[in-house]
Amino acid sequence: MKNLFLITCAVLFFLPSIAMAQKSAGSDTLPRNVLTLKEYISEVLKSNPDIKSMQAKVNAYEAQYHYTGVIPDPSLMFKINNMGTQYTVGQDPMSYFAIELDQEIPFPVKLHLESEIAYKQYLTSKQELRRKELEIQSKAVSAFSDYYYNTESLLLLKQYTKVLDTVVSIAKQRYETGIASQQDLLRAMLERSRLEERIELVGFELQRSTARMNGLLGKTPDTRIAEPEELQAVTIGYDRKSLYSSAEDTSPEISIAKIDVEKNKLELSRSKWSYAPDLDIGAGWMIRGAYPPGWTAQIGLSLPLYFWAKQRYMVRGAGAGLAAAEQNQDSTEKSTLADIDASYKEVQTTYSLIDLYRNKIVPEAALTFSSATSSYTTGRVDFLTTMDALLMLIDYRQMLYQRTADYYKALAKLSELSGVDLIKAQGLHGGAGLALPNRIAKTAEGEPRLAPAKKLNSEQ
């Protein structure tokens, strides 16, 4: 019985690794319908309704820019002046028929400023589109990361369900033969039931993440999605100072604040030029009774007679708007850089945690479980200690998936803040970095062998 139990414990320990190795080997020989993060992001950016709506707004502002600043349309007037109640045009000297053309001509600088302000609004809309794209991309990465975590966690838990099935069976046999206590059997059955609970919860979260992914694509929540690719945490290739420098030009938030300052400067200049008069010219041709045809011409100027109640407050309001825009730019730059700093530290910390889990915690948890099973067979530890070691190994392997999902979320948030697309820039699909458990190799003794990870670029 003792030899049988030793063999069974060995099977319990190596079953997850064997299953994962089989999955990895099968992926090299059989075609698999796998959805990559790059493909999903590309599809979201093409299909997302919010992005399409924002793109339409950009097109609207572009069209508005082209017609703003153009001189107003002229007006063509037809006049008839009739003397008496009878039709006398062409007969009575005071009756006439006239055609007049009138053209309003705003002060030239005003038209130029109107055009420049419209152009700044167009640039703002383009930056808002860029901000929306990065925001949606961040949501897409978050949804995909959760989908990946839940998919892999569900697979992991189902694999260990088979392990616990064997544990329950062995505990039952040992209890029936009087080798083990009833407490061992009850604990094994309890943990098997708790694992079923975790599977149900992970399955529910998997459905939620699937619905989120479909929502970003504008599809129904229950649309089937291919299994996710195996994510790898890789270095981002940017240090903190590089991100600070890039954000000054690429961050949509900072760019919008800068453009807003420029637009308010133009509006202040336009308000000052409101004191300048506008021009109105006109010309006409008429037929007057028995007299020869004649013509007429006119020119007029607008007079800012009420400047103390209109133009003066226009200038004051535009000046206040400029001051507010400048304060907002300063605040936006500082807050954005602070958020970039926090997100960069989160990326660094999460990357280090992945390295720690892969190279220390998970291997040590595996060794702890191996040692516990050996000690249990010799009577040096009880069954509960062995069971705790197994559950700890499950938790840590699942946590490794969670940390990888967190890493991608932090990376997407950093991209959203800085405007630098870190997801695409560094080739995170197939690049060098930390592979996840499905790619764990084994030593001759059967223990996980984890390659050392590359560290994030450190600042000088």
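Every number here is computed from the coordinates shown, using simple stated rules; none is lab data. Just so we're clear, the structure is a prediction, and the values are computed from it rather than from any experiment. Heads up, the Cβs are rebuilt from the backbone with ideal geometry, glycines too, and the neighbour counts pull from every protein chain shown.
Computing FRET efficiency as 1/(1 + (r/R0)^6) for SER193 and ARG240, where r is the C-beta to C-beta distance and R0 is 45 Å, gives about 0.40. Projected label points at ASP73 and ASP341, each 7 Å from Cα along the beta carbon direction, are separated by 5.6 nanometres. With a Förster radius of 35 Å, plug the Cβ-Cβ distance of GLN173 and GLU200 into 1/(1 + (r/R0)^6) and report the FRET value to the nearest 0.05. So the FRET efficiency works out to roughly 0.80.
If the label point is 7 Å along Cα→Cβ of ASN328, which residues in segment 244-277 have backbone nitrogen under 11 Å from it? Only 256-264 fall inside the zone, counting backbone N under 11 Å.
Comparing Cα centroids, segment 368-418 and segment 246-308 end up 70 angstrom apart. Subtracting the Cα-Cα distance of TYR291 and THR378 from their residue separation scaled by 0.36 nm leaves 18.1 nm. Note on LYS57/SER352: beta-carbon distance plugged into 1/(1 + (r/R0)^6) with R0 of 41 Å gives a FRET efficiency of 0.50.
Given 0.36 nm per residue, what is the gain on full extension from LEU301 to LYS219 after removing their alpha carbon distance, in nm?
On the way: separation 82, 0.36 × 82 = 29.52 nm, distance 5.96 nm.
Separation in residues times 0.36 nm, less the Cα-Cα distance, equals 23.6 nm.
How about segment 205-245: which trypsin sites (Lys or Arg not before Pro) there lie in a loop by DSSP and see at most 15 other Cβ atoms within 10 Å? Before the final figure, lay out each step's value.
Details: sites: ARG208, ARG212, LYS219, ARG224, ARG240, LYS241; in loops: LYS219, ARG224.
The qualifying sites are LYS219, ARG224.
The slack in the chain from ASP421 to GLU114, taken as 0.36 nm per residue of separation less the alpha-carbon distance, amounts to 107.1 nm. Computed from label points 7 Å out along Cα-Cβ, the spacing between GLU104 and GLN91 is 4.0 nm.
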